[in-house]
Amino acid sequence: MADDGGPGPAVGPDGTGQPERAGPPGAAAGGTVEAVDRILSTTRAVRKRLDLGRPVEEAVLLECVGLAQQAPSAGNGQGWRFVIVTDPEVKSDLARLYRAGARDYLDRALAGARDDQARRVFESAQFLAENLERVPALVIPCVHGRPSANLVHSAALFGSILPATWSFMLALRARGLGTSWTTLHLSFADEAAALLGIPADVTQVGLIPVGYYTGAGFKPAGRPPAQDITFFNAWGPA
Ligand SMILES: Cc1cc2nc3c(=O)[nH]c(=O)nc-3n(C[C@H](O)[C@H](O)[C@H](O)COP(=O)(O)O)c2cc1C
C-alpha cells in the first residue's frame, strides 16, 4: 500500500490508469493551474440554475464517484458510500423529509437576513427545498461508522467522507453539472435511512442535489483577503 505518495497502484490523475508524469512546477495536475484554480474558485451552490428537465447520466455520476475515491480517508479506511437517488417516488419522499427539516430554519433565516446577499442565499435555498424532487439526482454521501463525543474519532469519521464529497462536487462542476451542499434533511436522517435501507452503523453526512446547470459559468464569490483569516505560528494577527 502506498502511504506516502510512493509507488502505488498506477492510477493517474485523469483516471486513465496512467501514473502522473513529472512536469514543470505548476503543472502538477497534468493540466494547467489556471483550469484547476477556476474550478476551485467557481464551484458555487447551484440551486435556481439547475436544469430540472435534463437527466444526469449514470456514467457521469459514477465517473465522479471514481474521482471522489481518490480523496484521503483516515487510515485509508475508504469507508465512503454514495447513495444516488433518481427514482421519482423515492426523490419525493426524500424531498418531503428535507422540507420537514428545512421549513422552520429557512423561514427564520429569511426573516432575519441581514443584507441582500443573505436574502438571496435563503431565497435560493427555499427554491431548492420547494423543488428538490425535480432535481435529476439526489446523492447522499455516507460513511461507515457513527460520530461520538471523542474529537479525534469524529474528526476522522467526517474527515473520511467530506473531502471525497467535495471532490465529487468539483468533478461534477468540471463536467458542466451543478451541485449544492445540503444538510437539512439530517434532522430526519433515521427516516431517510429507513427509506433507503441505509444500515444503522452508517452515517449520512448530507444530501447533494445534482443537475446540469443552465446559463454560462460562475464567478468567484467575494471573500475577505486570506491574510485576514490566516495566522502564522500562533493564533492572532502578527
Ligand atoms: C456544511 C454545509 C451545510 C449546508 N447546508 C445547506 C442546506 O441545507 N441547504 C442549502 O440550500 N444550502 C446549504 N449549504 C450551502 C451554503 O448555503 C452555501 O455554500 C453558501 O451560501 C455559500 O454559497 P457558495 O457556495 O455559492 O459560495 C450548506 C453548505 C455547507 C458547507
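Laid out as a table, the results:
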read-out: Stretchable slack from ARG81 to GLN117, in nm (0.36 nm times residue separation minus alpha-carbon distance); value: 9.5 nm
read-out: Residue-averaged [θ]222 nm for the chain, counting only DSSP H segments that reach four residues, each worth -39500 (n - 2.57); value: -12000 deg cm²/dmol
read-out: Extent along principal axes [Cα atoms of the chain; Å; largest to smallest]; value: 51, 44, 42
read-out: Sequence of ILE229, ILE84 once ranked by neighbouring C-beta atoms within 10 Å, starting from the fewest; value: ILE229, ILE84
read-out: Radius of gyration and maximum dimension Dmax of segment 105-209, Cα, Å; value: 15.4, 42
read-out: Relative packing of peptides 189-200, 204-215, 45-56, 155-166 - highest average C-beta neighbours within 10 Å first; value: 204-215, 155-166, 45-56, 189-200
read-out: Most mobile listed residue (LEU172, LEU67, LEU40) in the chain, GNM with C-alpha springs under 10 Å; value: LEU40
read-out: Whole-number Å³ per residue for the convex hull built on Cα positions in segment 175-238; value: 203
read-out: Extension gain from LEU110 to LYS219, taking 0.36 nm per residue of separation minus the Cα-Cα distance; value: 36.8 nm
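Every read-out reported here was derived from the displayed coordinates using simple, explicitly stated rules and does not represent laboratory data. Everything numeric in this text was worked out from a predicted model, so none of it was measured. Using ideal geometry, Cβ is built from the backbone for each residue, glycine included, and neighbour counts are taken over all protein chains shown.
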